1. Of everything in segment 593-615, what is open to solvent by 10 Å² or more (accessible area, probe 1.4 Å), at negative phi and not basic (K, R)? Give them in sequence order.
2. Only residues that are part of a helix (DSSP H, G or I), buried (at least 20 other Cβ atoms within 10 Å of the Cβ) and not small (G, A, S): list them for segment 342-375, please.
3. Any chance segment 6-17 includes a residue that's within 29 Å of F468 (Cβ to Cβ), touching an Asp or Glu at 6+ places or on another chain (Cβ under 7 Å), surrounded by 22 or more Cβ atoms within 10 Å (Cβ to Cβ) and not basic (K, R)?
4. Would you confirm whether any residue within segment 221-232 is assigned to a helix (DSSP H, G or I), open to solvent by 10 Å² or more (accessible area, probe 1.4 Å) and under 17 Å from V174 (Cβ atoms)?
5. Could you list, in sequence order, all residues of segment 109-133 that are touching a His at 6+ places or on another chain (Cβ under 7 Å) and open to solvent by less than 10 Å² (accessible area, probe 1.4 Å)?
6. Mind checking which helices (runs of 4 or more DSSP H) fall wholly inside segment 611-677 and carry at least 2 residues that are farther than 30 Å from Q423 by Cα and touching a residue at least 40 places away in the same chain (Cβ under 8 Å)?
7. Suppose we filter E223, E231, E195 for residues that are acidic (D, E) and closer than 20 Å to R285 by Cβ; which single one remains?
8. So which of S483, S489, S386 is of a type outside the set (A, V, I, L, M), out of contact with any helix residue (DSSP H, G or I) (no Cβ under 6 Å at 6 or more places or on another chain) and open to solvent by less than 10 Å² (accessible area, probe 1.4 Å)?
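The values are calculated or read from the model by the stated rules, or taken from the named source; none is laboratory data. Owing to the predicted nature of the structure, the values given are computational and were not obtained by experimental measurement. Note that we place each Cβ from the backbone using ideal geometry, even for glycine, and neighbour counts take in every protein chain shown. These accessible areas exclude ligands, DNA and RNA; they are computed on the full protein's heavy atoms, side chains included. Shrake-Rupley method; radii C 1.70, N 1.55, O 1.52, S 1.80 Å.
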Amino acid sequence: MNALPSTGTPLLYDKCVEIASNLWWSWNPEAVNLFRDLDPVRWRKLDHNPIALLKEFTPELLEAKATELALHSRIHYAYRLLKQYENEKPQWARTHCGVLSAMPVAYFSLEFGVHESLPIYSGGLGVLAGDHIKSASNLGVPLVAVGLFYSQGYFKQHLDKNGWQQEEYINTKVENLPLTQALDKDGKPIQIEIETNTGVLYAKVRQLKVGRVRLLLLDTDVEGNSPEDRELTARLYGGDNRTRLRQEMVAGIGGVRALVAMGLTPSVWHLNEGHCVFATLELVRRRMEYEGFSFEDACIRIAEHTVFTTHTPVPAGHDRFHYNLMKEHLEPMCRKLGISIDYLMELGRDPHDPSGDPNGNFCSTVLGLKMARHVNAVSALHGRVSRRMWKHLFPEKKEHEVPIGHITNGVHLDSWCADQMKQLYDRSFERDWLHRIGEPGIWQEIYKVDPGVLWETHLLLKNMLITFARRRLARQIRFRGESETEAESMRTVLRPDALTIGFARRFATYKRATILFGDPDRLAKMLCSEERPVQLIFAGKAHPADVPGKDFIREISNMRHDPRFSEHIFFVEDYDINVARHMVHGVDVWLNTPRRPLEASGTSGQKAVLNGALNLSILDGWWAEAYDGENGFAIGKGTLHADAGIQFQQDAEYLYSVLENEVIPLYFDQDAHGIPRRWVQRMMNSIASLAWRFSADRMVADYVRESYLPSAGGMSCETIR
């Protein structure tokens with residue numbers, strides 16, 4: 001680790017440093033609570049970064065603080081837990097991983113959302129990747145992850161006085177991250193090179209531990225690169241199409257070369273979206289060079305060991321690059337492959353290109369679909385949509401024969417289930433339930449929990465959310481330079497007795513965040529009842545170039561100026577993993593309103609399930625296969641109108657109706673003790689029927705059985721020599 005010397009320092013300090021050096025701590029409550037208790041105020045202000053926190057202590061000060069707070073035994077215990085975790089091989093891996101134990105999975109993604117202190121993610125795709133590698137770690141699946149290190153990450157969000165999103169990019173303090181330099185087989189720092197027609201791109205390779213998984217992050221801020229290229233990996237999803245193409249080459253081609261330099265020999269190459277698909281070209285080149293295959297034969301053999309996951313049916317989510325860009329950057333690779341740039345363009349050609357110029361664009365997703373034997377969507381409905389969407393690439397096949405399956409996304413329980421809920425499960429479930437979360441029978445134990453106990457646990461989490469939101473709302477007002485009186489008024493907003501609905505996600509227009517605002521009078525009547533008050537908490541970022549998405553944020557934020565809604569509708573700025581954690585822990589209802597069928601999966605509602613919140617959602621993505629009539633609420637019947645405007649009006653009416661006639665009455669139907677017994681029953685139904693099905697452990701296990709093991713068979717060790 002960069003700046004936390006441990007040689008010659010007291011053992012206690014060494015142990016804290018070592019715990020902080022493995023992001024395992026971020027999902028272990030013993031470690032999290034230990035760092036928090038050292039200094040709760042600084043812990044919060046430092047974005048829950050244990051390395052930054054430890055830098056504020058000398059070894060002697062830490063020893064004194066540990067003595068004052070009686071932390072010695074807790075530090076030793078957390079350290080023992082880490083060592084045990086790192087050194088043991090879980091039983092699941094011993095019995096299920098087979099050949100992967102000798103030749104691991106290489107998992108590529110352009111973003112990883114592991115924890116808020118490592119800001120190299122923007123939203124759902126990155127958090128899904130983070131949950132994937134954390135569950136792979138828990139299960140013991142041999143896996144190494146590959147991505148990019150963004151020195152400025154994604155932007156920090158602030159809203160101005162008019163409600164417009166402002167983006168701020170802040171340099172991450174690398175010395176406060178548990179990063180080390182990746183070394184080659186001879187112990188030398190790795191630097192990879194990628195040729196283009198305009199010069200060579202260089203990247204160094206950083207690495208960090210995520211439990212038992214190594215995460216490699218390529219960084220172009222190195223000597224030898226032009227000033228432009230040194231900034232290439234500075235921002236996630238920043239810059240133009242040229243920047244994006246160069247980032248994807250570094251992640252894909254550079255990622256393979258980094259693994260080779262480290263002496264690693266994966267048997268499976270899992271590409272999380274089309275962003276990393278150029279990895280397949282480098283793999284083909286190596287097959288041709290070291291095993292003498294033709295380009296076509298090498299493609300066939302690499303496809304056998306490649307898994308490709310597509311994450312969205314939204315056209316804008318599929319990268320497309322113009323011929324001139326491709327020629328400038330990929331022509332040197334084409335020469336090594338013995339093909340022309342025109343041939344590569346043909347491999348990525350989409351006859352249904354939305355630009356209307358299919359010959360002028362290369363589509364990364366198309367190449368991914370062609371270069372992988374195992375292709376999956378991320379929910380059952382998304383699988384059907386994807387087969388229909390890409391059928392034109394397989395004209396000889398009927399729609400149901402298009403080779404795209406599905407593995408529905410899931411969430412990492414340890415990261416998203418509140419400690420208070422885990423403690424409730426500990427008291428009620430079988431002793432080893434955390435190692436058996438994929439078993440339906442384990443979760444049936446929720447019906448043995450006293451309804452009052454479950455409700456009190458939920459109310460505790462709800463009050464924690466309210467405290468957090470009040471603090472953030474006051475901070476927002478001060479940042480905008482508004483009056484201190486206005487900021488202080490935030491100390492009393494958000495009623496603990498109100499039905500609290502949360503909506504937090506990326507503000508893409510198809511997610512329709514403002515669908516409730518079409519009839520303000522009806523909305524006011526629904527929210528402002530003194531006997532049955534309702535409040536809405538929104539959070540989310542719009543891409544810097546997405547003006548319509550920003551306008552949605554502005555509209556929601558400015559509802560605070562309407563006296564009818566000033567105490568009922570709130571927008572929490574700078575959505576990240578920390579904000580998401582508080583919201584999924586504490587809301588009563590998780591709202592999701594995408595235009596079906598554009599939500600490929602969605603995982604935020606799955607996180608809410610673990611904490612007892614009920615989903616209120618369009619029957620899209622994961623909810624289309626999860627809703628059973630008694631475990632949450634549905635908006636509409638799953639039908640789709642050809643006219644988007646009519647569909648919007650129909651869905652808005654469905655939403656108003658289900659809120660007025662089902663959700664609100666059920667929540668406020670409380671007994672003499674204030675317990676809404678039928679609501680709590682539905683909470684239990686949700687946990688029992690959904691928690692086991694939509695865990696990342698189940699998801700990763702599905703990948704192992706359905707994709708990784710079939711792909712690994714017969715892999716030659718010579719492939720990436």
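1. Correct list: P597, L598, E599, T603, S604.
2. Passing the criteria: L344, M345, T365, V366, L367, L369.
3. No, because not a single residue in segment 6-17 is within 29 Å of F468 (Cβ to Cβ), touching an Asp or Glu at 6+ places or on another chain (Cβ under 7 Å), surrounded by 22 or more Cβ atoms within 10 Å (Cβ to Cβ) and not basic (K, R).
4. The answer is yes; a qualifying residue exists.
5. Scanning segment 109-133 gives L110, D131.
6. Ranges flagged: 644-658.
7. It is E195.
8. S386
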